[in-house]
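Chemist: Provided herewith is a single structure, encoded as structure tokens, for subsequent inquiry.
The values are calculated or read from the model by the stated rules, or taken from the named source; none is laboratory data. For clarity, every value in this text was computed on a predicted model and none was experimentally measured. With ideal geometry, Cβ positions are generated from the backbone for all residues, glycine too; neighbour counts draw on all protein chains shown.
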């Protein structure tokens, strides 16, 4: 028989704790559609019940055994964390990189691997590097994972997105000037050029691409290859998202005459470059990001995949360290 608790026999504080534990237990049993929708629903319910967004986030994380990371996620100065089993958690902040005192356990790393499996990703030796997005209500994570044999133990790289920046936000942060954006927008909207944002890791490539996307006409039909789920779902925008490049040929064959713009999260593997090239051949305006330290390096990568860059505006982003990290547009290439 379960023990009945009489409210008169315990203190108000104990009763409150008991009720909270019961609520948390019930909410942890809630599942809806997929892992992202489940966590968003749990967060919303906890927010309404607790009326405390931080507490709601903590218990949402607790429901998937990620509560150890709560203190990193609520620290607005922290941008990335790196988890390696039995190693100190590595922190990338606006002030630079340092080691946390907290240790990433095998169990903590395993949570991210289980989430990957829940999202349908195959954890195989022939697929040792992959990424995905994870929605936590007020936060969005971009999770990149490397597995053996390319590393000795699983490495989990977690980028923390706390807001979606607009072009106005980026101007305010000195990422770009109004005149530079007018030049970019003229080439995209009026001249209908393709766009590649290139730069080193963490230099704001996807941040800029998202901001440009937000500023394009709402009614444009957008098709995304969004493997890490980094582009927000927008109510009034025409969006089609696919999470793997393998499905792209079906989208192109059925929709190519109606697509206004095609957006690739990142040109990373040969199939991504092939998709970019295919879109160009179909006359579909295309935007993407790519890792490269220079414009010349980006052009060389395009040449290696036989992609014509005469109709592409290439934006080079940069990241420098001073007292805080500074991100900005370093150079623009356009013919």
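Chemist: Quick one: which residue in 302, 267 is under 22 Å from residue 315 (Cβ atoms) and within 20 Å of the chain's Cα centre (by Cα)? Walk me through how you get there before you give the answer.
Modeler: Values: 302 fails: within 20 Å of the chain's Cα centre (by Cα).
From the options 302, 267, the qualifying one is 267.
Condition check ((1) within 15 Å of residue 141 (Cβ to Cβ); (2) out of contact with any strand residue (DSSP E or B) (no Cβ under 9 Å at 6 or more places or on another chain)) across all residues:
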{"residue": "19", "(1), (2)": "no, yes"}
{"residue": "22", "(1), (2)": "no, yes"}
{"residue": "39", "(1), (2)": "yes, no"}
{"residue": "54", "(1), (2)": "no, yes"}
{"residue": "57", "(1), (2)": "yes, yes"}
{"residue": "78", "(1), (2)": "yes, no"}
{"residue": "83", "(1), (2)": "yes, no"}
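Chemist: Between 45, 39, 57, which is assigned to a helix (DSSP H, G or I) and either in the same structural domain as residue 141 (by TED's automatic domain parsing) or free of Cβ contacts under 8 Å to residues at least 40 places away in the same chain (or both)? First the steps, then the outcome.
Modeler: Details: 39 fails: either in the same structural domain as residue 141 (by TED's automatic domain parsing) or free of Cβ contacts under 8 Å to residues at least 40 places away in the same chain (or both); 57 fails: either in the same structural domain as residue 141 (by TED's automatic domain parsing) or free of Cβ contacts under 8 Å to residues at least 40 places away in the same chain (or both).
Result: 45 is the single residue among 45, 39, 57 that is assigned to a helix (DSSP H, G or I) and either in the same structural domain as residue 141 (by TED's automatic domain parsing) or free of Cβ contacts under 8 Å to residues at least 40 places away in the same chain (or both).
Chemist: Can you find, within the range 281-300, the residue that is surrounded by the fewest Cβ atoms within 10 Å (Cβ to Cβ) among those that are touching a helix residue (DSSP H, G or I) at 6+ places or on another chain (Cβ under 9 Å) and more than 13 Å from residue 197 (Cα to Cα)?
Modeler: 282
Chemist: Something else now. Can you confirm whether residue 144 is within 22 Å of residue 34 (Cβ to Cβ) and not assigned by TED's automatic domain parsing to the domain that holds residue 268?
Modeler: yes
Chemist: Are there any pairs, at least 6 apart or on different chains, whose C-beta atoms fall under 7 Å, with the first in the range 11-27 and assigned by TED's automatic domain parsing to the domain that holds residue 38 and the second at pLDDT 65 or above and in a helix (DSSP H, G or I), and if so, which?
Modeler: 23/49; 24/59; 27/42; 27/45; 27/46
Chemist: Output yes when any residue across the range 101-123 is surrounded by 12 or more Cβ atoms within 10 Å (Cβ to Cβ), within 18 Å of the chain's Cα centre (by Cα), farther than 24 Å from residue 39 by Cβ and in contact (Cβ under 8 Å) with a residue 12 or more places away in the chain, and no when none is.
Modeler: The answer is no; no qualifying residue exists.
Chemist: Sticking with this one: If you scan the range 172-199, which residues turn out to be free of Cβ contacts under 8 Å to residues at least 40 places away in the same chain and surrounded by 16 or more Cβ atoms within 10 Å (Cβ to Cβ)?
Modeler: Across the range 172-199, the qualifying residue is only 181.
Chemist: Looking at residue 246 and the list (1) outside any loop (DSSP other than H, G, I, E, B); (2) at pLDDT 90 or above; (3) surrounded by fewer than 19 Cβ atoms within 10 Å (Cβ to Cβ), which single condition is not satisfied?
Modeler: It is condition (2) that residue 246 fails.
Chemist: List the strands (runs of 3 or more DSSP E) inside the range 122-216, counting only whole elements, that have at least 1 residues being over 19 Å from residue 289 (Cα atoms). Quick ask: steps written out before the conclusion?
Modeler: Numbers: elements: 129-135, 140-146, 155-161, 194-199.
In the range 122-216, the matching strands (runs of 3 or more DSSP E) lie at 129-135, 140-146, 155-161.
Chemist: From (1) without any contact (Cβ under 8 Å) to a residue 60 or more places away in the chain; (2) under 20 Å from the mean Cα position of the chain (by Cα); (3) surrounded by fewer than 18 Cβ atoms within 10 Å (Cβ to Cβ); (4) not in a loop (DSSP other than H, G, I, E, B), pick out the condition that doesn't hold for residue 235.
Modeler: (4)
Chemist: Moving to a separate point now. When you go through (1) at pLDDT below 95; (2) buried (at least 19 other Cβ atoms within 10 Å of the Cβ) one by one for residue 55, which number turns out not to apply?
Modeler: (2)
Chemist: Here is a list: 96, 137. Which entry is touching a helix residue (DSSP H, G or I) at 6+ places or on another chain (Cβ under 6 Å), surrounded by fewer than 20 Cβ atoms within 10 Å (Cβ to Cβ) and under 26 Å from residue 164 (Cα atoms)? Walk me through how you get there before you give the answer.
Modeler: Working: 96 fails: touching a helix residue (DSSP H, G or I) at 6+ places or on another chain (Cβ under 6 Å).
Only one candidate passes the filter, namely 137.
Chemist: Please tell me if residue 33 is in a loop (DSSP other than H, G, I, E, B), within 30 Å of residue 135 (Cβ to Cβ) and modelled with pLDDT under 90.
Modeler: Yes: the conditions hold for residue 33.
Chemist: Same structure, new question: Among (1) within 26 Å of residue 233 (Cβ to Cβ); (2) surrounded by 13 or more Cβ atoms within 10 Å (Cβ to Cβ); (3) free of Cβ contacts under 8 Å to residues at least 60 places away in the same chain, which single condition is residue 68 missing?
Modeler: So residue 68 meets the others, but not (1).
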